[in-house]
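In what follows, a structure is listed as structure tokens, so that the remarks can point back to it.
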There are 2 protein chains.
Amino acid sequence: MSHSIEPLLGPNSVAVIGASDSPSRIGGRPIAFSKKANFQGAIYPVNPKRDMVQGLQAYPSIKDVPEVVDCAIVSVPANIATDAIRDCADTGVKSAIVFTSGFAEMDEEGARAQDEIEAIIKASDMRVTGPNCLGTFNNKSGWYGTFGNTLDMTKVPPGPVGIVTQSGAYGAHVYNVSQDRRIGATYWVTTGNEIDVDVAEVIEFYAQTDDIDVIVAYAEGMKSAERIRRALEMARDAKKPVIFMKVGTTAIGAQAAASHTASLAGSDAVYDALFRQYGVYRAETTEEMIDIAYACQFGQFPKGRKIDLRTISGGVGVQMADASHKYGMDVAPMPDGVQKKLKEMIPFAAVKNPVDFTAQALNDTSLMRKNVSLAIEEGDYDSHIIYLASVVASPLTRDACQKLMRDLRAAYPDELMAICVNAAQHLLPGLEKLRYPCFEDPSLTVRAMAALSHFGEVFERGHPDAPPPAPDGMLTAPKTAVAEHEAKIILASAGIPVSREELVSDAVGAIAVWRAIKGPVVMKITSPDIPHKTEIGGVILNIDDEADIAEGYETLIKRAKVAKPDAKIDGVIVAEMSSLGVETVMGVIDDPVFGPAVMFGLGGVFVEVLKDVTFRLAPFGVDEAHRMIDEIQGRTMLDGMRGQPPADIDALAQALAALSVFAHANTGQIESIDVNPFIVMPKGAVAVDALIIPKAQN
Amino acid sequence: MSHSIEPLLGPNSVAVIGASDSPSRIGGRPIAFSKKANFQGAIYPVNPKRDMVQGLQAYPSIKDVPEVVDCAIVSVPANIATDAIRDCADTGVKSAIVFTSGFAEMDEEGARAQDEIEAIIKASDMRVTGPNCLGTFNNKSGWYGTFGNTLDMTKVPPGPVGIVTQSGAYGAHVYNVSQDRRIGATYWVTTGNEIDVDVAEVIEFYAQTDDIDVIVAYAEGMKSAERIRRALEMARDAKKPVIFMKVGTTAIGAQAAASHTASLAGSDAVYDALFRQYGVYRAETTEEMIDIAYACQFGQFPKGRKIDLRTISGGVGVQMADASHKYGMDVAPMPDGVQKKLKEMIPFAAVKNPVDFTAQALNDTSLMRKNVSLAIEEGDYDSHIIYLASVVASPLTRDACQKLMRDLRAAYPDELMAICVNAAQHLLPGLEKLRYPCFEDPSLTVRAMAALSHFGEVFERGHPDAPPPAPDGMLTAPKTAVAEHEAKIILASAGIPVSREELVSDAVGAIAVWRAIKGPVVMKITSPDIPHKTEIGGVILNIDDEADIAEGYETLIKRAKVAKPDAKIDGVIVAEMSSLGVETVMGVIDDPVFGPAVMFGLGGVFVEVLKDVTFRLAPFGVDEAHRMIDEIQGRTMLDGMRGQPPADIDALAQALAALSVFAHANTGQIESIDVNPFIVMPKGAVAVDALIIPKAQN
């Protein structure tokens, strides 16, 4: 079954409402472009004032068009656009592209008009992109449902790349730059105000269609967590790389920071979480987005990171090695046997990796050929970069280089070999036909190879682990604020290990607990009205004596009463002193779009000064939790510093996954959770303090 | 007085030793290129086998050439190159370019030959670049002393950029890419094996010559700290930006890490120190190097970071704002009055900053004109970016845009306005003539503006503070290992505050010191043979009782004797307990090229896990120390965390500067110094422990 937005991109018949006879006017361009591109479908101009438009029979209304078209363009002023869209819906038009602007992006009146259109669309089966969009096009069929002058910009044949952007102007920018980079795009969609079709759904379509293998997306925000998650999952399952640029900040940053975790969610941590979770490559600049998309269109995604660096300049070899370190590639040394043979071949070359061809290889390109062959046949590398500077273009070496490239490709049809060259713009299409990705900057060549390896790993991994099942008897989130002890009882029911403790209501009870624990204890006042105990002196550490316990109890009650006379006091917690281990922090925030997301970080300065935390959307499994843990800057803290034994990372990962399951099961109920500190010991882990803030019930 | 390497770049007469009649052979190319470029100086081919070379009278030897040339190219095999160079020196040739390879880069025999040549050069006044280099050229005079086919690559007129690279192949790469970017380079030098002229000296020449305003440099290493420091200082004083790519790692990383500081020096911390100290922009990729050089050639370096972002796409505005945050630019809001006027002009535009023109401005470009004028006249911004996507190139808007740009420049001749456009490659030279730097990527436009502001700040700052004078009676570094107490006495003499303490040799003395301190003390065993006291239990904290002091003394002596029976024991230090403050670490390492460099970092995980440290070459003043402090990730720790008062940053900066003066005064004597911890209190600071490792005396 084809996707419901297919008529937007692959229509057999189209109408242009507000068609202009002038090929340069907005309402004239789609007709002029599509005719010029030899679009084979029927084109019906709609214009009540003209019989003919650009040589085609025109119709007064979409209702008069002799067939029900697959796609109608709406290019009329805002005040009559609603009627035009209603007419389209009434006649059963399958899809519409609304160029018209002046809706929600404009003012309140526009927003009301947009709501009206939305209602019309919802009541129909028609799929709509826009309003306030630049349209769509299909470079294969010649359907140019756009008023951007993209056809004039098109220089390379349609290829495996699909582009989708919210912004029209920026979509045109991306397309132009991609053409300059010889990226073959088949589909291009702009979604504008996203009244119906959004970026997520276009990604989903690209994930399904055979025409597209590489997805380039740009958005300023997402409206539906479910749609984008489904789309990214489909793309990953179809092994189609998604390169995404998401700008701006989520609403989280602006929220009052009710908890520590919320204050750490920062600008767009939740989008980082989303992209990491689905293996999306998040591009920071247009240059990066295009560069990675270019590399991806060759369709090779190595599963590993072992990289072979060849160069005709020693210095560039060092540059590429530096970049490999930065981008997490493994510049594994050539096997000893290969090094020996290389030394025999080019006596004064560097042969370990990077391998320096030296100028000798330029005089005798067969040396380069043998040199690269050795690495491929005996070296077991996942990818290769060959830096040739302008040797490829120089009249003296051009022909030999071309032959070398042809021979290498013939010998190794499936090897991922990228070439780094300059001054050879005119020769690049030929090299690309031989399936060599070509780059100009040595370090950025490494970045691109790292991106391909990233996708290779993501595709190889496939579906992540399922989230662990919720434990039998898992409690639900509280409806009102609860104190530490109750929070820990709830989290314990969700499978999160908590400190051994009891809540007592008199000194005698406190002494009994201390006796049972058989060791030093910590005593803490507990009251839903006193969330920050330490500020009132409500915690006494390390007591291991009967008289001190009794005295401690009275002291805590007195301090609480002095500090907050009206506080409801639940009693005093008597807890074992936490064992030695690494202090970590777990938490949950509630994102307005994506719902609960789980945070992880190390305690102390790591969260407070460095904001060294990472997030994932709930729920997730233990493998994803391990990837979270591996992402933080302070990761080595868990390996055992200063002779300490390593921390029990499995216990930590299980707790994170359990917390995600609890958060997900209570979606909409939780404002935030802090588990701080969560001590990870050499064996096991324990939540020492916890805070659950329920969502305010309106 | 002209620089001694001037004859290499501006010769009036040249000879080519090993001249070839074939314009494509290495020995033929400089002649062919220079003739083609209409070089006005005399060219003397030297070739004992020919009378004429490329239509010019040839000579059997440089000795037969009828005048003493300014520059001779040596393009003969290695086995006769030494004689050719000797002949040049003997005849008084002013400079030579040695293409010949097969010297130190090749093998030991080559290294010996190179030594011989070096001796010849040293005994003469001749300046030499190479051997194993690609030569030099001067795009203004048409002197192409190179066998790279650079002339064919040259597309843009000579401009203010000077390029110098160690590697020839990479130098050609940089030149080619810079030409594609329309960067006007006048001089280009490759230095190869750097037998005489090195990258530093070429930078010095560029800093002096009026032809060059922007310096692009690439090196794999430096041989003389003095030369590069002098060159970078001259460039800074001449307000000429230096964009430097330095690859690879220093020797430091490979040294046995004798101290904590040395282990933190990492890969090339000392080069980072050098570049930061002189305001050099360190580029990480070729793309970045060229992009920044391009921006610099417009010669505008704003003193501030207030940036005005204009866009025809809201999303791109957000992108640029994100990038501004990343690159430290200040997206200051428009003044209220400006916002009000903008709202009146384009009712539904974003007007705060970034300012969205909206499509309305495209229909009426006078709106854009007024819009930008407002920001310039009433907004007090240091730089402006105008994002226009492909509007500049579109047939519908091209002419209006051109007019807008001309008008704006005419109205504001000195305003730094960068344009971000695409699909307009053919229009860029015209815009650049109007002095608009043009970029394609919105985020990278911000990066370039930030680089210009960086240089603006560096040039405005000018000479940094002088290092503080060495205090009277400053002690010298010890010749042999000394224990903590003596190390602190030495550092105190250098102006570094140390903890109040005494070294005592019996319990009675210890008690006397404790009485004088009037508060809790720490007792530490002190022995040059026990550098790591804590490992043997050699430190007892927080004693404030006469009997405990006496017992502590005996305990420490006993532990030392058990742990290291042969240790020379100086006694026991009795010191005040350090006050509350922020724990920092200072240190010194000795770089084989650059000598002593001072490290600064925060204590604990900041250095141990995060390696969050920064270095500067000694000596430096208090302002440079403040810049070091401001660079570290954990900087906010010093502002007072969790309600603590801020730390005394001035005291810290003074101590760092004092340490740098001490380290410099003892250049060659110190292997490394650790001052760890150095506690910075709300008022004052104090070194609690210190270790000085003298250089091993051979």
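Values quoted throughout were computed directly from the atomic coordinates according to the rules given, and no laboratory measurement underlies them. Quick caveat: nothing in here was measured; it's all calculated off a predicted structure. Virtual Cβ from ideal backbone geometry, glycine too; neighbours counted across all protein chains shown.
Projecting the Cα atoms of B:Thr476, B:Ala492, B:Pro429 onto the dipole axis of the range B:419-501, where Lys and Arg carry +1 and Asp and Glu carry -1 at the beta carbon, places B:Pro429 farthest toward the positive end.
The residue among A:Ser101, A:Gln54, A:Pro7 whose Cα reaches farthest toward the positive pole of the charge dipole of the range A:1-114, with charges on the beta-carbon of Lys, Arg, Asp and Glu, is A:Gln54. The helix-based estimate of mean residue ellipticity at 222 nm for chain B, built from -39,500 (n - 2.57) per DSSP H run of four or more residues and divided by its residue count, is -11000 deg cm²/dmol to the nearest 500. Taking the longest Cα principal axis of chain B as reference, the axis of helix B:78-91 is set at about 80 degrees. Net charge dipole, the protein assembly as shown: roughly 3320 debye, given to the nearest 20, about the Cα centre with Cβ charges of +1 for Lys and Arg and -1 for Asp and Glu. Shielding value for B:603-616 is 3, the average number of Cβ atoms from other chains within 10 Å of each residue's Cβ. The ratio of the alpha-carbon radius of gyration of the protein assembly as shown to the globular-protein estimate 2.2 N^0.38 Å is 1.04.
Counting, for every residue in A:308-321, the Cβ atoms of other protein chains within 10 Å of its Cβ and taking the mean gives 5.
Can you give me the relative contact order of the range B:568-612 as a percent, contacts being Cα pairs under 8 Å and 6 or more apart?
It comes to 28 percent, rounded to a whole number.
Compactness check for the range A:386-515: Cα Rg over 2.2 N^0.38 Å is 2.27.
Each of the peptides A:126-139, A:199-212 was scored by the mean count of other Cβ atoms within 10 Å over its residues; in descending order, highest first, they stand as A:126-139, A:199-212. Relative to the dominant Cα principal axis of chain A, helix A:365-379 is inclined by about 40°.
Distance to the B-onto-A rotation axis is smallest for one chain B Cβ; residue and value in angstrom are B:Val605, 3. When both bridge partners sit in chain A, DSSP labels roughly 50% of those beta bridges antiparallel.
The per residue volume of the convex hull around the alpha-carbon atoms of chain A is 181 Å³. What separates the A:Pro520 label point from its copies, with the point 7 Å along Cα to Cβ, is 1.4 nm, written shortest first. Per-residue mean of foreign Cβ neighbours for B:282-292 is 4 (Cβ atoms of other chains, 10 Å radius). A simple charge model with +1 on the Cβ of Lys and Arg, -1 on the Cβ of Asp and Glu and nothing else charged puts the dipole of chain B at about 1940 debye relative to its Cα centre.
Distance between the C-alpha centres of the range B:666-698 and the range B:166-189: 45 Å, rounded to the whole angstrom. The lysine pair count for the range B:479-598, using Cα distances under 22 Å and pairs eight or more places apart or on different chains, is 17. Of the trypsin sites (Lys or Arg not before Pro) found in the range A:467-561, those that fall in a DSSP loop while having at most 10 other beta-carbon atoms within 10 Å are A:Lys479, A:Lys518. Take every Cα pair under 8 Å whose residues are at least 6 apart in sequence, average their separation, divide by the length of chain B, and the relative contact order is 9 percent. For B:Thr526, A:Thr555, A:Thr311, the sequence from fewest to most other C-beta atoms within 10 Å is A:Thr555, B:Thr526, A:Thr311. Using the alpha-carbon centroid of each, what span in Å lies between the range A:499-526 and the range B:360-422? Using only Cα atoms to place each centre, the spacing works out to 72 Å. Can you list the lysines whose alpha carbon is less than 27 Å from that of B:Lys341, not counting same-chain residues fewer than 8 positions off? Counting by Cα, and skipping residues close in sequence, B:Lys341 has these lysines nearby: B:Lys306, B:Lys352, B:Lys370, B:Lys403.
Basic side chains Lys and Arg get +1 at the Cβ, acidic Asp and Glu get -1 at the Cβ, and with that the dipole of the range B:26-103 about its Cα centre reaches some 300 debye. Amide H contacts under 5 Å for B:Ile73: B:Ala15, B:Val16, B:Ile17, B:Ile97, restricted to partners 5 or more places along the chain or on a different chain, H placed in the peptide plane at 1.01 Å from N.
Taking the label point 7 Å along Cα→Cβ, B:Gly684 and its counterparts in the other copies are spaced 4.8 nm apart, in ascending order. The chymotrypsin sites (Phe, Trp or Tyr not before Pro) of the range A:334-406 that DSSP puts in a loop, and whose beta carbon has at most 16 other beta carbons within 10 Å, are A:Phe348.
Restricting to the protein assembly as shown, what percent of DSSP beta bridges are antiparallel, rounded to 5?
Beta bridges within the protein assembly as shown, antiparallel portion: roughly 50 percent.
A simple packing score, the average count of other Cβ atoms within 10 Å per residue, orders the peptides A:62-75, A:106-119 as A:62-75, A:106-119, with the highest score first. As a ratio to 2.2 N^0.38 Å, the alpha-carbon radius of gyration computed for the range A:344-444 takes the value 1.00. With the simple spin-label model, which puts each label point 7 Å out from Cα in the Cβ direction, the B:Ala563 to B:His325 separation comes to 4.9 nm. Over the range A:425-577, the pair-distance histogram of Cα-Cα distances with 5 Å bins from zero comes to 2, 8, 13, 13, 11, 8, 5, 4, 4, 5, 6, 6, 5, 4, 3, 3, 1, 0 percent, rounded to whole numbers.
Using alpha carbon centroids, what distance separates the range A:50-75 and the range A:305-343, in Å? Cα centres, the range A:50-75 to the range A:305-343: 62 Å.
From largest to smallest, the equivalent ellipsoid semi-axes obtained for the range A:272-345 from the alpha-carbon gyration tensor read 31, 15, 12 Å. Taking the dipole about the Cα centre of chain A, with the C-beta of Lys and Arg at +1 and of Asp and Glu at -1, give me whichever of A:Gln633, A:Ile80, A:Tyr206 is farthest to the positive side. Of A:Gln633, A:Ile80, A:Tyr206, it is A:Tyr206.
Listing B:Leu408, A:Leu9, B:Leu491 from fewest to most neighbouring C-beta atoms within 10 Å gives B:Leu408, B:Leu491, A:Leu9.
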